Amino acid sequence: LALMLMAGPFARGQADELKRRGFLGAAVAPLEEGGDGVRVLRVLPGSPAEGVGLAEGDVIVEVDNEPVTDPLSFVTLVGSRGAGEEVTVRFRRGDEPMDVRVTFAEFPREEWDGAEVIYGSVASAAGLQRTIVTKPEGDGTFPVFFLIQGLGCFSMESPQAGLAPYGELVRAFSEAGYVTLRVEKPGCGDSQGGPCADVDFETERDGYLQALKAIKAMRFVDPGRILI
């Protein structure tokens, strides 16, 4: 804005092949006065944005010569880069234009108290898709809450769990003793494929079916108790 464990059919090799998305660490908003660009609202401590000197109030206008027209275009440009990639960010500080070269860090992974967070992937018709599983502490088998995303093309990952509606919902089921499962749509988060908006029904459904098969085979899951 981790803990990385692989188990069962969420294969170690697949997870290693699935590149982690990049992280800049700047929260932005539209310009109050209108026009192209986004205003930096906050820079996270220790982030690449802080490292290159971006500050609250700066106006970002380009990423690698691609224009930033609004927050969505900025998120799209940043989200298409992987961890370790370097880009040029052009911004204004007052009336002075400035350029900085910034290397994206790895997007922070979820870390939960009272639950293991397992990052994996499944092979689907769209390519490799990111899966995020949480497992309550303790032994035995657990029921599963499989949360399928509604409309929209955005990540379901919540590094600061509880701040986003999906994060709150997943945490509530986890605290009630459920294993939880999320699948990132093609082209969203770390998932391959996409663009998300162009993915057809059968391709999207296949990702969920592959994840469902995988979760049923995990050693700590009761395959007869899965809530979708």
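The values are calculated or read from the model by the stated rules, or taken from the named source; none is laboratory data. Worth saying up front: this structure is predicted, and the values here are computed from it rather than measured. Every residue, glycine among them, receives a Cβ derived from its backbone with ideal geometry; neighbour counts consider all protein chains shown. Ligands, DNA and RNA are excluded from the accessible area calculation, which covers all protein heavy atoms including side chains. Shrake-Rupley method; radii C 1.70, N 1.55, O 1.52, S 1.80 Å.
Quick look at the values:
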| read-out | value |
| --- | --- |
| Filtered residues of the range 53-91 (kept if at pLDDT below 95 and of a type in the set (Lys, Arg)) | Arg81 |
| The range 188-223, residues that are assigned to a helix (DSSP H, G or I), open to solvent by less than 30 Å² (accessible area, probe 1.4 Å), under 14 Å from Leu128 (Cβ atoms) and out of contact with any strand residue (DSSP E or B) (no Cβ under 7 Å at 6 or more places or on another chain) | none |
| Filter pass, Ala126 being under 25 Å from Leu44 (Cβ atoms), in contact with a Lys or Arg (Cβ under 9 Å, 6 or more places away or on another chain) and not basic (Lys, Arg) | no |
| Residue, farthest from Leu72 (Cα to Cα), within the range 141-153, restricted to residues that are in a loop (DSSP other than H, G, I, E, B) and touching a strand residue (DSSP E or B) at 6+ places or on another chain (Cβ under 9 Å) | Thr141 |
| Where a residue in the range 168-182 is closer than 9 Å to Val144 by Cα and its partner, wherever it lies, is of a type in the set (Ser, Thr, Tyr) and assigned to a helix (DSSP H, G or I), with Cβ under 9 Å and at least six apart | Thr180/Ser174 |
| Lone unmet requirement of (1) assigned to a strand (DSSP E or B); (2) open to solvent by less than 10 Å² (accessible area, probe 1.4 Å); (3) closer than 23 Å to Gly25 by Cα; (4) not β-branched (Val, Ile, Thr) for Met156 | (1) |
| Hits in the range 103-123 (condition: in contact with a Ser or Thr (Cβ under 8 Å, 6 or more places away or on another chain) and open to solvent by less than 20 Å² (accessible area, probe 1.4 Å)) | Glu110, Ala115, Val117, Ile118, Tyr119, Gly120, Ser121, Val122 |
| Selection count, the range 124-143, where residues are crowded, with 19+ Cβ neighbours inside 10 Å and under 23 Å from Cys196 (Cβ atoms) | 8 |
